Amino acid sequence: MFDFKAKPIIDGKFWIIEDHGNKVGTLQKDDTDKFVLNAKNNRSVYKDMKSLEKIYGKSFFINSKKEEVILVNEIYGFNTNCHPHNPMYDIKKKLPLFTKSDASKSIYCAGFYAIKFEKGWVRSFCPKLITVQRYEYKGPFKNELEVRQVLSNVNR
């Protein structure tokens, strides 16, 4: 029993055809808005999506919104709170650094940190470099659990 699915690669333009998760071909929308299916040395042309769904079933096209690709914003293995620009690494302090835009002059530290302010230690995610330079800190940490463990130790 075949279970063909068109998995979107370029939304509305190009799909990988899979049968039970195994790649069996490709589907491409050409310049004339026709669909060209290439599978095992066979090339078939279909006039529209409905004609493909008539043959392969209503669930042939995998909805790209359901399988949305989530972009992870990270540099040097540390998460960031936005898309990082100008990634740098301070070797002496072992800090992954980035800016929030190409033209920005503000530098941020990727990852989670425990920072000691006047009122005590607090958790911080992607603090500015200037903050880390001015105050005592511990980090960077790759996840919130690690920084929470450090905070529980320093607050004892």
Point to revise | Leading residue by the ranking (nearest to GLU74 (Cα to Cα)) among those in region 135-146 that are surrounded by 11 or more Cβ atoms within 10 Å (Cβ to Cβ) and modelled with pLDDT under 95 | key: LYS142
Point to revise | Selection status of ASN41, over 30 Å from LYS142 (Cβ atoms), polar (S, T, N, Q) and under 23 Å from the mean Cα position of the chain (by Cα) | key: no
**Study point:** Cβ pairs under 7 Å, 6+ apart, first in region 90-103 and within 14 Å of PHE141 (Cα to Cα) and modelled with pLDDT of 95 or more, second acidic (Asp, Glu) and surrounded by 10 or more Cβ atoms within 10 Å (Cβ to Cβ)
**Key:** LEU97/ASP90
Study note, to complete from the structure: All-but-one check, ASN38 against (1) out of contact with any Lys or Arg (no Cβ under 8 Å at 6 or more places or on another chain); (2) touching a residue at least 40 places away in the same chain (Cβ under 8 Å), failing number (2)
Study note, to complete from the structure: Here the residues within region 1-23 that are within 13 Å of PHE60 (Cβ to Cβ) and either in contact with a Ser or Thr (Cβ under 6 Å, 6 or more places away or on another chain) or in a strand (DSSP E or B) (or both) are PHE4, LYS5, ALA6, LYS7, PRO8, TRP15, ILE16, ILE17, GLU18, ASP19
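The values are calculated or read from the model by the stated rules, or taken from the named source; none is laboratory data. All figures in this text were calculated on a predicted structure; none of them were measured in a lab. When we count neighbours, we look across all protein chains shown, and the Cβ atoms used for this are built from the backbone with ideal geometry, even at glycine.
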